[in-house]
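A short worksheet on the structure shown next.
The values are calculated or read from the model by the stated rules, or taken from the named source; none is laboratory data. Worth saying up front: this structure is predicted, and the values here are computed from it rather than measured. When we count neighbours, we look across all protein chains shown, and the Cβ atoms used for this are built from the backbone with ideal geometry, even at glycine. In case anyone asks, the SASA skips ligands and DNA or RNA and just uses the protein heavy atoms, side chains included. Shrake-Rupley method; radii C 1.70, N 1.55, O 1.52, S 1.80 Å.
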Amino acid sequence: MKLKIAFDPDIVALMKAEIAAGEKVVSVAMREAGTSLKSDWRAQITGAGLGTRLGNSIRRASFPK
């Protein structure tokens, strides 16, 4: 007697797709959070009277691009 188990949808492919979707969501969330933080920090620097040039030195970088 042989028992054969077959998964109609490929489990490995489904898991790879879920991981890729999760990575994309995390990257988008980090980009949005970084942009918000950058704007708030620039506003604090300018509000403290340190000038817009110093505030504009604040940058956001995310990897991979």
Checklist entry - If you plug each phi of the range 14-22 into the Karplus form 6.51 cos²θ - 1.76 cosθ + 1.60 with θ = phi - 60°, what whole-Hz ³J(HN,Hα) values come out, in order, with x for Gly and Pro? => result 5, 5, 4, 5, 5, 5, 4, 5, x
Checklist outcome for this item: To the nearest 20 debye, the chain has a Cα-centred charge dipole, built from +1 on Lys and Arg Cβ and -1 on Asp and Glu Cβ, of 300 debye
Checklist entry - At Arg53 and Val25, where each label point lies 7 Å from the Cα along Cα→Cβ, what is the point-to-point distance in nanometres? => result 4.5 nm
Checklist entry - Considering the dipole of the chain built from charges on the beta carbon (Lys and Arg +1, Asp and Glu -1) around the Cα centre, which of Ala6, Gln44, Ile19 is farthest to its positive end? => result Gln44
Checklist entry - Of all the accessible heavy-atom surface of the chain, with the other protein chains kept in place and a 1.4 Å probe, what percent is carbon and sulfur? => result 63 percent
Checklist entry - According to a simple spin-label model (label point 7 Å from Cα along Cα-to-Cβ), what is the distance in nm between Gln44 and Met1? => result 6.9 nm
